[in-house]
Amino acid sequence: MPGLRRIVLLLLIVPLVASCTDTWQADQGLMPTAGPGVEPSSAAPSAPGADAARNAVEPVSACGLIGALITAERGESAAGYREMALTVRNCGTSPYELDGRPQITVLDEDGAPMKIAVVASRHYTVAPKRLVLKPGTAATAVLSWRNTVTNTSGWSETGASLTVATSPDGTPQLVTLPSKLDLGNTGRLEASAWF
């Protein structure tokens, strides 16, 4: 029995250690590697918005690269209505500018962009404006949606993560969600302005 335990332990530890040895790139997270027998392709087809997802800054690199970290807070829900706050914190050493509403792309489980319309919030109507965050300060935007399913098949869309830029020309950042966006089949996500 001790021999079996060693084999099981090795089968668990070796892949874990191997996964920790990938080359790190400060500007793009882990360097992508091709699987066995797969040639990397530089001309892979991409969906609209795929570049935003692929070029998004990983949270671990955000403070060093862009001076701000965007996080999603645990959402609230009631009777099919959902809310989730996005917080952007200036973790740099100089002022950080926000402009208007967050620029959002909803990603599926595989990190592919979904066809979700991100529109102005009807519930949080603060006017979009330019904000400048001093180091250590933060701003919030609120996402809201309805988990409404109107089709007879019961099919619904579920967002697993987001890319979020703080302004129309800002660098997108990958944002991990505390819970999935259960969007029903509305194809719609509302976003308030930064406040």
State all residues of segment 76-99 that are surrounded by fewer than 18 Cβ atoms within 10 Å (Cβ to Cβ), over 17 Å from residue 144 (Cα atoms) and of a type outside the set (D, E, K, R); if no residue qualifies, say none. 91, 93, 94, 95
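If you take the residues in segment 179-195 that are among the hydrophobic types (A, V, I, L, M, F, W, C) and part of a loop (DSSP other than H, G, I, E, B), which one is farthest from residue 131 (Cα to Cα)? Talk me through it step by step, then tell me what you get.
Taking segment 179-195 as the starting set, the residues that turn out to be among the hydrophobic types (A, V, I, L, M, F, W, C) are 181, 183, 189, 191, 193-195.
If we keep only those that are part of a loop (DSSP other than H, G, I, E, B) too, we end up with 193-195.
Values: 193: 10, 194: 8, 195: 8 Å.
Filtering first and then ranking leaves 193.
Taking segment 64-75 as the region of interest, how many residues are within 16 Å of the chain's Cα centre (by Cα) and either surrounded by fewer than 16 Cβ atoms within 10 Å (Cβ to Cβ) or under 24 Å from residue 181 (Cα atoms) (or both)? Can you show your working first?
Start the filter on segment 64-75 by keeping residues that are within 16 Å of the chain's Cα centre (by Cα), which leaves 66, 68-75.
Among the residues that remain, those that are also either surrounded by fewer than 16 Cβ atoms within 10 Å (Cβ to Cβ) or under 24 Å from residue 181 (Cα atoms) (or both) are: 68-75.
Residues meeting the conditions: 8.
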Could you tell me which of the residues 137, 105, 150 is over 14 Å from the mean Cα position of the chain (by Cα) and either under 25 Å from residue 184 (Cβ atoms) or of a type in the set (A, V, I, L, M, F, W, C) (or both)? 150
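Would you confirm whether or not segment 43-56 contains a residue that is at pLDDT below 95, among the hydroxyl-bearing types (Ser, Thr, Tyr) and over 22 Å from residue 180 (Cα atoms)? Explain how you work it out, then say what you get.
Residues of segment 43-56 that are at pLDDT below 95, as a first pass: 43-56.
Subsequent filtering for residues that are among the hydroxyl-bearing types (Ser, Thr, Tyr) retains 46.
Retained after the next criterion (residues that are over 22 Å from residue 180 (Cα atoms)): 46.
For segment 43-56, residues at pLDDT below 95, among the hydroxyl-bearing types (Ser, Thr, Tyr) and over 22 Å from residue 180 (Cα atoms): present.
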Assuming residue 119 fulfils every condition listed in (1) at pLDDT 95 or above; (2) within 22 Å of residue 60 (Cβ to Cβ); (3) surrounded by 11 or more Cβ atoms within 10 Å (Cβ to Cβ) apart from one, which condition is it? (2)
Among (1) without any contact (Cβ under 8 Å) to a residue 60 or more places away in the chain; (2) buried (at least 17 other Cβ atoms within 10 Å of the Cβ), there is one condition residue 177 misses while meeting the rest; what is its number? (1)
Members of segment 130-170 found to be at pLDDT 95 or above, more than 19 Å from residue 72 (Cα to Cα) and not in a strand (DSSP E or B), listed by number: 134, 135
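The values are calculated or read from the model by the stated rules, or taken from the named source; none is laboratory data. Quick caveat: nothing in here was measured; it's all calculated off a predicted structure. Neighbour counts run over all protein chains shown; Cβ positions are idealised from the backbone, glycine included.
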